[in-house]
Each structure stands twice: as structure tokens, then as C-alpha cells.
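Peer 1: After the C-alpha cells below, expect a handful of questions from me.
The values are calculated or read from the model by the stated rules, or taken from the named source; none is laboratory data. Note that the coordinates shown come from a computational prediction; the quantities given were computed from them, not determined experimentally. Because the Cβ atoms are built from the backbone with ideal geometry, glycine has one as well, and the counts that use them run over all protein chains shown. With ligands, DNA and RNA removed, areas are computed over all heavy atoms of the protein, side chains included. Shrake-Rupley method; radii C 1.70, N 1.55, O 1.52, S 1.80 Å.
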Amino acid sequence: MADNLRDVFAQLRRGIRQRRYKVIADTAGIETLDGFILDLGGGVASFFAAMFPEPSRVILIDIDPKKALLARKNHPKLHIVVGDAERLPFAGNSVRFSVSNSVIEHVNDPDAMASEVHRVSQGYFLQTPNGGFPIEPHSFIPIPFYNHIPIRAVKKFLCVLFGANFDYISTVRYLSEQKLKSLFPEAILMYEKVL
């Protein structure tokens with residue numbers, strides 16, 4: 001049963017990412033921009049890098065060297081950089097556009113990441129999940145309100161039961177709408193409605 005649920009959620013996730021890419025492409029005109037596109041924390045399974053028609057213009061940055069190596073294997077035309085979104089190794093205003101999909105809720109200092117995105121990018125698209133969503137959006141553990149379970153051992157058991165990575169999910173610190181507005185005051189907030 002858990003495998004079937006994972007398959008259903010994997011298909012759902014693919015559809016969400018395709019729609020998200022379309023939003024980026026349509027809203028920002030990403031495919032018509034010149035210059036480099038920075039994929040922040042894209043890792044091995046960057047939906048953006050996989051869909052962008054000119055991978056040689058994408059710089060994928062990830063803090064995990066193993067994920068960066070796998071990303072290079074999966075997407076050989078990408079520029080791969082091992083680095084930290086809180087201290088980007090780029091000059092000011094040097095990147096035409098930055099894309100960040102579910103990364104800011106994992107960094108230690110969201111303020112630093114936001115500052116770096118503003119410093120290096122001429123434009124950006126940043127997505128982060130809503131912590132109030134009933135299904136845990138990083139692993140799709142099919143237990144409603146998993147995020148609100150107060151007992152760590154129960155959360156860990158559920159991760160094992162449904163094949164989710166507890167250590168990874170434990171790094172998540174959801175940002176409130178108010179916090180996002182303070183970090184990106186000029187941004188247009190858009191809301192995805194799923195399920």
C-alpha cells in the first residue's frame with residue numbers, strides 16, 4: 001500500500017513541477033531571457049534544469065558535493081557549483097535569473113539566502129511549501145498533519161513506515177507568509193492549490 005501511495009504522490013509531484021515550470025516560463029519569460037540562470041539547491045533531481053531548453057545556461061548550485069556529482073551525471077551540460085545559498089560565490093548582479101524550489105525552508109539563515117538572491121540576481125522565482133498544508137510536502141507522508149505531531153519518535157516511525165527520510169524532513173523550518181513578505185518585499189506572492 002505504501003508503494004502505491006508513493007507512486008500516486010510521485011505522479012502528483014511531477015504534475016505540480018510541470019505546472020510550476022510553466023508558471024516560471026510564462027510569468028518571467030525565462031526562456032527568452034539572456035544570460036545565466038541560477039538553480040539554487042537544485043540537487044540531482046532539479047525539475048527546472050530538466051525542463052529548461054538550454055541547460056548550458058543553467059548554473060546549478062548545491063551544498064552537497066555528492067548531489068552535485070550526481071547532477072553533473074544526470075545533466076552533463078549544466079554548470080555545477082558546490083556552494084551555499086547563504087554565501088553565493090558570484091559577483092553582484094551577475095546572474096540574469098535565479099530559481100529556488102523548496103530550498104529556503106532548509107537553510108540555517110533564510111535572511112542570508114534572501115540577501116544573496118537579491119545581491120546576485122536580476123530577477124528570481126522562489127517557491128517554498130506552506131507548513132500548514134495537511135500532507136507533509138517534502139515526502140508526502142500520507143498522514144494528515146504530520147508536521148504537527150509533537151512526539152519525535154512517532155514522526156520517525158512514520159518516516160520509516162512510509163520510506164521517508166526523517167533526517168531530511170527534520171531540517172525543514174517553514175516560513176510564514178509574513179516572513180516571506182519581509183524577505184522579498186517586491187515579490188508577487190502566488191499560491192498553489194493542491195488537493
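Peer 1: Step by step: first the residues of region 77-87, then only those that are in a loop (DSSP other than H, G, I, E, B), open to solvent by less than 50 Å² (accessible area, probe 1.4 Å) and farther than 19 Å from Gln127 by Cα, then the one that is modelled with the highest pLDDT. Which residue is that?
Peer 2: Ranking the candidates gives Gly83 first.
Peer 1: Pull up region 19-76, narrow it to residues that are open to solvent by 60 Å² or more (accessible area, probe 1.4 Å) and assigned to a loop (DSSP other than H, G, I, E, B), then point me to the one that is modelled with the lowest pLDDT.
Peer 2: Across region 19-76, the extreme among qualifying residues is Ala45.
Peer 1: Still on this model: Quick check: anything in region 172-184 at positive phi and either assigned to a loop (DSSP other than H, G, I, E, B) or surrounded by 13 or more Cβ atoms within 10 Å (Cβ to Cβ) (or both)? So that I can check it myself, show each step before the final result.
Peer 2: Taking region 172-184 first, the residues at positive phi are none.
Taking every residue of region 172-184 in turn, none turns out to be at positive phi and either assigned to a loop (DSSP other than H, G, I, E, B) or surrounded by 13 or more Cβ atoms within 10 Å (Cβ to Cβ) (or both).
Peer 1: Farther than 25 Å from Ala91 by Cα, within 14 Å of the chain's Cα centre (by Cα) and open to solvent by 70 Å² or more (accessible area, probe 1.4 Å): is that true of Arg14 in this structure?
Peer 2: On the way: farther than 25 Å from Ala91 by Cα: yes; within 14 Å of the chain's Cα centre (by Cα): yes; open to solvent by 70 Å² or more (accessible area, probe 1.4 Å): yes.
For Arg14, the condition - farther than 25 Å from Ala91 by Cα, within 14 Å of the chain's Cα centre (by Cα) and open to solvent by 70 Å² or more (accessible area, probe 1.4 Å) - is met.
Peer 1: Related question: Which of the residues spanning region 155-171 are in a helix (DSSP H, G or I), open to solvent by less than 60 Å² (accessible area, probe 1.4 Å) and over 20 Å from Asp7 (Cβ atoms)?
Peer 2: Lys155, Phe166, Ser170
Peer 1: Just the residues that are part of a helix (DSSP H, G or I) and under 24 Å from Gln11 (Cβ atoms), please, taken from region 141-154.
Peer 2: Of everything in region 141-154, those that are part of a helix (DSSP H, G or I) and under 24 Å from Gln11 (Cβ atoms) turn out to be Tyr146, Asn147.
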